[in-house]
Amino acid sequence: MLIRPFRLGDYSAITSIWRETGLDKSDTESLNDLAQQLAWDSDLVMVAEKEGKVVGVVVGTIDGARAFFYRLAVLPSEQGNGIGRQLVEAIEKRFKQRGVNRVLIMVNQENPEVLPFYHSLGYELQKYVTLSKKLSS
């Protein structure tokens, strides 16, 4: 298993993984979000590669001493093999190298089955409510 930075040729594979795992948005929105993150910090978009095939992805971002990761996804056929754990450990290592002292993640309320995975990695449930507002362009 190789955990490495995103390459432009990985785009199709990671959008396919997001689609298969239900993390997809519209293709345009996904491309725009990914392009924006790559412009900010391309080292925080990481993929897992197995036998030359991209099988997992995680996207991270840093805001001061806090970091966030999102869109962690592993091909369904590869889940349960430790790939997600390796991706989280790799992004956490990058965060530590940058002086981050707290990592936050958001989990969709409709996806509670991932909570035991995050708990096993030491993440604790916080008592925050996230609000959002879509700004029209």
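Odds and ends about this structure:
- Residue 60, sole failed condition from (1) among the small types (Gly, Ala, Ser); (2) modelled with pLDDT under 85; (3) part of a strand (DSSP E or B): (2)
- Any pair with Cβ under 8 angstrom, 6 or more apart, that starts in segment 84-97 at a residue that is basic (Lys, Arg) and ends at one that is surrounded by 18 or more Cβ atoms within 10 Å (Cβ to Cβ): 94/44; 94/46; 94/60
- Any hit, segment 86-98, residues being closer than 22 Å to residue 132 by Cα and either in contact with an Asp or Glu (Cβ under 9 Å, 6 or more places away or on another chain) or at pLDDT 95 or above (or both): no
- The residues of segment 63-116 that are surrounded by fewer than 16 Cβ atoms within 10 Å (Cβ to Cβ), basic (Lys, Arg) and within 12 Å of the chain's Cα centre (by Cα) amount to a single one, 85.
- The set of residues from segment 109-124 being assigned to a loop (DSSP other than H, G, I, E, B) and within 17 Å of residue 22 (Cα to Cα) comprises 109, 110, 111.
The values are calculated or read from the model by the stated rules, or taken from the named source; none is laboratory data. Please read all numbers here as calculations on a predicted model, not as lab measurements. When we count neighbours, we look across all protein chains shown, and the Cβ atoms used for this are built from the backbone with ideal geometry, even at glycine.
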